[in-house]
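Each remark here refers to the structure printed beneath this line.
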2 protein chains.
Amino acid sequence: MADVARLAGVSHQTVSRVINGQSNLRPATRLRVEEAIKQLGYRPNSAARALVTRRSATIGVIGSKSGFWGPSSIHRTVQAAGREAGYFVSSVNVPDLTRAAVADAVDHLRDQGVEGIVLIAANDEALDVARAQEAVGIPVVVVEGSLYQARWTVGVDQAAGAELATQHLLGLGHTEIVHVAGPLAWTEARARLQGWQNAMHAAGLRIAPHLEGDWTAESGYRLGGDLVRRTDVTAVFAANDQMALGLLRALWEAGRSVPGDVSVVGFDDIPEAGFLIPPLTTVRQDFAEVGHRAIEMLRAAIADGGPDGDVPDRLVQPELVVRASTAAPRRSKRKAKA
Amino acid sequence: MADVARLAGVSHQTVSRVINGQSNLRPATRLRVEEAIKQLGYRPNSAARALVTRRSATIGVIGSKSGFWGPSSIHRTVQAAGREAGYFVSSVNVPDLTRAAVADAVDHLRDQGVEGIVLIAANDEALDVARAQEAVGIPVVVVEGSLYQARWTVGVDQAAGAELATQHLLGLGHTEIVHVAGPLAWTEARARLQGWQNAMHAAGLRIAPHLEGDWTAESGYRLGGDLVRRTDVTAVFAANDQMALGLLRALWEAGRSVPGDVSVVGFDDIPEAGFLIPPLTTVRQDFAEVGHRAIEMLRAAIADGGPDGDVPDRLVQPELVVRASTAAPRRSKRKAKA
DNA sequence: CTGTTAGCGCATTCAG
DNA sequence: CTGAATGCGCTAACAG
């Protein structure tokens with residue numbers, strides 16, 4: 001910077017003013033300085049700036065190492081939105097979302113001086129850490145966590161999505177609809193379970209016990225092995241597409257046709273969903289929107305720290321994508337068809 | 001830090017020594033300082049440290065927004081390995097790997113003062129930028145790029161993997177093996193194409209023209225629509241699992257059985273591969289290993305800048321995973337079966 | 001083994 | 001509209 005000042009024949013701080021786009025500058029001076037900057041290929045030192053301004057212009061994102069479609073998509077969109085908003089974004093992927101691992105990630109990020117943190121794919125333990133952190137003073141926005149367990153939250157309306165899926169099945173005439181849930185320590189899994197129950201309840205139907213998987217195709221396959229024997233079940237709503245995929249395979253192996261014998265609905269709309277056998281009906285989530293809102297909220301939290309925004313803003317509405325894995329049940333048992 | 005010094009009754013400097021784990025300290029003093037640090041909840045300011053040491057302890061990772069399995073898995077493993085190595089890791093996902101976008105990402109990272117960059121999933125344009133960057137002084141390790149186009153490179157031996165896949169098909173007795181390649185602007189796609197050609201050539205077989213997809217299931221499905229008419233083709237080697245998945249669907253729709261009528265091999269071993277219909281034979285890549293080596297190499301590049309390591313170290317060997325999508329051709333046309 | 005003295009590169013007072 | 005001083009929090013020399 002001293003070099004630039006010398007070359008432009010001005011002082012230190014005039015250069016600083018140019019860089020920070022201050023207004024009180026004679027255009028000629030500014031031009032001269034800009035010229036010198038370009039000529040010398042000068043780049044401001046962000047460490048020095050951070051030291052004096054006490055602003056690192058950096059935010060942290062905590063994700064999980066596991067690489068499920070939803071969380072990792074959100075990680076990407078949050079990253080992109082953060083950068084667009086002018087931040088450097090520093091990521092850390094924890095092996096699992098245990099209290100210790102998340103706390104560790106938070107520490108790492110704090111040491112770097114991040115101004116705020118976005119925590120993705122939160123389960124209960126992770127939420128505890130988030131709450132503690134907020135108390136300590138560094139804003140944490142939780143994505144896809146429960147709205148009631150953290151102050152700053154953004155996410156898709158999971159329950160609404162699950163209701164959409166279930167209602168679709170209901171509308172087709174199904175009454176025996178089983179839910180293959182995700183791990184219930186995850187708030188997302190619980191919200192989807194809840195949505196399914198709500199819809200079943202609203203339709204006046206008996207709510208069969210749900211199954212619980214771990215988001216993987218393997219678990220869907222394994223649980224599908226059990227479901228296959230229950231011939232009363234005409235439809236399954238899986239809490240994500242991976243498990244639905246495993247289910248499809250189990251059904252296929254058992255010689256039960258989809259959607260002839262049983263309809264299957266997933267959740268997420270992974271890019272492959274439309275190319276499964278058969279193409280999967282599922283619930284699409286607008287991850288890009290989630291990413292943007294997360295950053296928006298984080299900025300607000302950093303600037304303000306005050307009361308959070310309106311609840312409606314935190315929820316992104318999902319959308320049902322109907323494909324070929326769902327149809328009316330073969331023999332329509334009429335019963336609770338209102 | 002001044003507070004800590006005061007509380008411990010020592011100087012500035014001694015505190016600094018404790019933090020940096022220097023050896024010349026009386027244990028008693030160290031203990032006293034550590035006590036004070038804990039009591040005050042003191043955390044070193046990394047900006048100040050970066051300013052004086054000229055080391056940010058930060059590295060950058062450039063990935064692509066698209067979210068394909070391979071690149072995003074590597075992104076995660078690189079992130080993890082970087083953190084284990086004591087770095088802060090800052091990510092940026094570019095919309096596409098064009099020259100402009102990558103150059104932009106590099107600039108962003110440089111502004112942050114990263115000590116080095118890992119560039120993931122490189123195509124030709126991105127490689128240009130990487131080379132330019134190396135010349136300018138900031139080390140760039142390219143993952144999955146061509147070994148000949150950049151100095152610091154780590155990756156899976158794509159060609160070897162493709163040969164593995166092709167040889168498997170060959171060993172089963174197939175002679176008409178078509179390759180559905182990835183976008184050939186990607187070095188990975190070219191290497192896999194090359195491996196297939198090598199194996200075909202070595203077997204003394206005619207090399208049919210390849211098809212070119214874009215990594216997506218959709219493209220596999222589309223290209224599969226064409227392949228379906230070519231009844232002479234008994235086996236297809238797809239350059240990734242997504243395209244193989246689309247292919248499976250196209251084949252299924254056309255009523256051609258897999259592996260009865262045609263065998264299919266993929267590449268990547270995505271977690272769902274074992275649960276497709278039928279379970280997919282594919283080539284597995286050890287992404288964690290790639291991530292570790294990338295960081296290892298980046299450290300070397302940062303420290304040294306000198307000659308690169310031995311070529312063997314840059315290549316991770318892939319592994320064939322045989323599942324149910326491959327079998328001997330129905331009518332064995334003997335011809336080049338050695 | 002420990003304290004003292006400088007200065008990293010910048011933004012922020014305050015004067016001109 | 002611009003320049004001169006001051007200090008952010010820390011580490012790197014030196015002294016002692």
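The table below gives the values:
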{"item": "Exclusive hit being within 7 Å of DNA strand D (Cβ to nearest atom) and either over 26 Å from A:His108 (Cβ atoms) or not basic (Lys, Arg) (or both), set B:Ser16, B:Ser11", "result": "B:Ser16"}
{"item": "Qualifying position, being crowded, with 19+ Cβ neighbours inside 10 Å and either more than 12 Å from DNA strand C (Cβ to nearest atom) or modelled with pLDDT of 85 or more (or both), among A:Arg43, A:Arg83", "result": "A:Arg83"}
{"item": "Residue count for the range B:210-241, restricted to those that are more than 14 Å from chain A (Cβ to nearest Cβ), touching a residue at least 60 places away in the same chain (Cβ under 8 Å) and over 12 Å from B:Leu193 (Cα atoms)", "result": "2"}
{"item": "Scope the range B:196-216; condition closer than 21 Å to B:Ile120 by Cα and of a type in the set (Gly, Ala, Ser); matching residues", "result": "B:Gly213"}
{"item": "Set B:Ser16, B:Ser23: member being small (Gly, Ala, Ser), at pLDDT below 90, under 29 Å from B:Leu298 (Cβ atoms) and surrounded by fewer than 17 Cβ atoms within 10 Å (Cβ to Cβ)", "result": "B:Ser23"}
{"item": "Search result, residues across the range B:19-45 that are more than 8 Å from DNA strand D (Cβ to nearest atom) and either in contact with a Phe, Trp or Tyr (Cβ under 9 Å, 6 or more places away or on another chain) or touching a residue at least 24 places away in the same chain (Cβ under 8 Å) (or both)", "result": "B:Arg32, B:Val33, B:Glu35, B:Ala36, B:Ile37, B:Gln39, B:Leu40"}
{"item": "Filter pass, B:Leu193 being crowded, with 24+ Cβ neighbours inside 10 Å, under 29 Å from B:Gly145 (Cβ atoms) and in contact with a helix residue (DSSP H, G or I) (Cβ under 9 Å, 6 or more places away or on another chain)", "result": "no"}
{"item": "Residues of the range B:1-13 satisfying the condition of being within 8 Å of DNA strand C (Cβ to nearest atom) and either within 14 Å of chain A (Cβ to nearest Cβ) or over 26 Å from A:Arg49 (Cα atoms) (or both)", "result": "B:Gly9, B:Val10, B:Ser11"}
{"item": "Matching residues in the range A:95-115 - criterion: being buried (at least 24 other Cβ atoms within 10 Å of the Cβ), more than 9 Å from every other protein chain (Cβ to nearest Cβ) and either small (Gly, Ala, Ser) or under 17 Å from A:Glu144 (Cβ atoms) (or both)", "result": "A:Leu97, A:Val102"}
{"item": "Any hit, the range A:125-132, residues being among the charged types (D, E, K, R), surrounded by fewer than 24 Cβ atoms within 10 Å (Cβ to Cβ) and closer than 27 Å to A:Ala288 by Cβ", "result": "no"}
{"item": "Members of the range B:48-89 found to be in a loop (DSSP other than H, G, I, E, B), at the interface with chain A (Cβ under 9 Å from one of its Cβ atoms) and within 16 Å of DNA strand D (Cβ to nearest atom), listed by number", "result": "B:Arg54, B:Ser56, B:Ala57"}
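The values are calculated or read from the model by the stated rules, or taken from the named source; none is laboratory data. For clarity, every value in this text was computed on a predicted model and none was experimentally measured. Quick reminder, even Gly has a Cβ in these numbers, built from the backbone with ideal geometry, and neighbours come from all protein chains shown.
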